[in-house]
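Presented below is the structure to which this report refers.
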């Protein structure tokens, strides 16, 4: 990777820290002149959307100034603008009145003042209250700038707004659930590059609330820099950044998406490429905003990590489908991924941090345990154990880890305490004559017993040690047969762990005098 320059991402280092800069708080140069309070934090994202001409979606409660902002922004840009309320929209409102052409071989459209053909900006409000068949017709406008397959040559910006849809578990009678607001169609949602979650009145500071109340009498505001000039400067910086995109941003994204997946936050390949573009666009927008406020400021002071976090926070589609994203999980994934860009390529942690499944990360760490400290290895093992969804799978992993490392490493005491708790029933199988009351538990106990008997009968096939431990593992499930556990799944997990990191079977059999 090339050396760090003013606009490049930090080079990967293992011990030296990157210099930190205490940047002054940016004054609002875009949203406050529009008459908005509490929106300054969104300015890099809004400007990034303008510079790249990528679609932007605003999600927020009613009365949070979503439509107000977009309408005033369109006027400030001085562009031909169309507003559509999707909950009331008919398709003829978009395209005009269809009439046969003179040759009667096709249709031409009798334009109306609301028709989309000459628009430079389109704003679709209440987009998640649209009828499904109309959503399908809005899709090519957002994605391709086309209607009925016809290119909208003047159209540059596609904006939309919506109230938050209810989360999947929400009841209809809950006060904050919007009746009629549905999760946006996943395909349509995935075409919006920037998705901003807009705060309501309750989320504003007292000073911001006071400013809003006073501003209604203030009339039009002036811009220190015309928005069109700000957009032009941000676009120039974006083109320069993408022409020499730092490899560290690729490293960050690969690690980030793995970390998000481990948090059950999945994104499409399209969204991954959007994120890559959005990080560059937000960084370019921050450069433009700082230049507007302080032209003398060196660009080196604008850090890529903040740009990446801003882009990530406002680029995930989960905001628009009711699921949402835990901010703490997002921040943790970001920090973990960003650290990878600072780790030497030959450091074992570099590979580990890109693995999304904690169990797989645990096994890879054990396979390369010689290059890791006991403390680091202990933490990875604890994470792997905690990640298992069922007690049976957790016990299967615990048994494999214990057998792999019991004579090789001195792990932290908490690891051995955890393993002992999980393995007590396996290393000292219980015997019981009582019959469980629950029929499902009885069935699982019988399956565990039969599988254990089968393994003991096959002990002469060259896998005696593995089969013996596997049989003990299954016997440990009796008589309780952990809730929702499938004995075959538990055995499969144990065999997979043994095949990866298990002891040398031949040496163990030789030491025990078996053939």
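Coordinate-derived values only; no laboratory data. Since this is a predicted model, take the numbers as computed values, not measurements. Here Cβ is always computed from backbone atoms with ideal geometry, including for glycine, and neighbour counts include all displayed protein chains.
Compared with the alpha-carbon gap, the fully stretched path from residue 375 to residue 75 is longer by 102.1 nm at 0.36 nm per residue.
The convex hull built on the alpha-carbon positions of the stretch 319-368 has an orientation-averaged projected area of 4.4 nm². In this simple spin-label approximation, residue 239 and residue 201 carry label points 7 Å from Cα along the Cα→Cβ vector, and these lie 4.5 nm apart.
Using all alpha carbons of the stretch 322-406, what is the percent of pairwise distances in each 10 Å bin, ordered from the shortest bin to the longest? Per 10 Å bin, starting at 0, the Cα pair percentages come out as 15, 44, 30, 10, 1. Between residue 215 and residue 41, the FRET efficiency from the beta-carbon distance, with R0 = 25 Å, is close to 0.85. Here's the picture: a label point sits 7 Å out from the Cα of residue 270 along the beta-carbon direction, and within the stretch 39-79 the residues with their amide nitrogen under 19 Å of it are 49, 52-59. Using the average count of surrounding beta-carbon atoms within 10 Å as a protection proxy, the listed peptides 47-56, 385-394, 196-205 rank, highest first, as 47-56, 385-394, 196-205. Taking the number of Cβ atoms within 10 Å of each Cβ as an exposure proxy, the fewest-first ranking of 408, 32 is 408, 32. If you wrap the tightest convex hull around every Cα atom of the stretch 264-319 and split its volume per residue, you get 75 Å³. A full extension of the chain between residue 114 and residue 150 corresponds to an added length of 11.2 nm, given 0.36 nm per residue minus the alpha carbon distance.
Entry for the stretch 65-117 at q = 0.16, 0.19, 0.27, 0.29 Å⁻¹: log10 I(q)/I(0) = -0.61, -0.75, -1.04, -1.09, Debye formula applied to identical alpha-carbon scatterers, no solvent contribution.
Of the residues 80, 303, 422, the one with the fewest other Cβ atoms within 10 Å heads the list, and the complete ranking is 80, 303, 422. Protection proxy ranking, highest mean first, for peptides 353-364, 34-45: 34-45, 353-364, where packing is the per-residue count of other beta-carbon atoms within 10 Å, averaged. For 410, 245, the sequence from fewest to most other C-beta atoms within 10 Å is 410, 245. For the stretch 387-430, backbone nitrogen atoms closer than 20 Å to the point 7 Å from residue 453 Cα along Cα-to-C-beta are found at 429-430.
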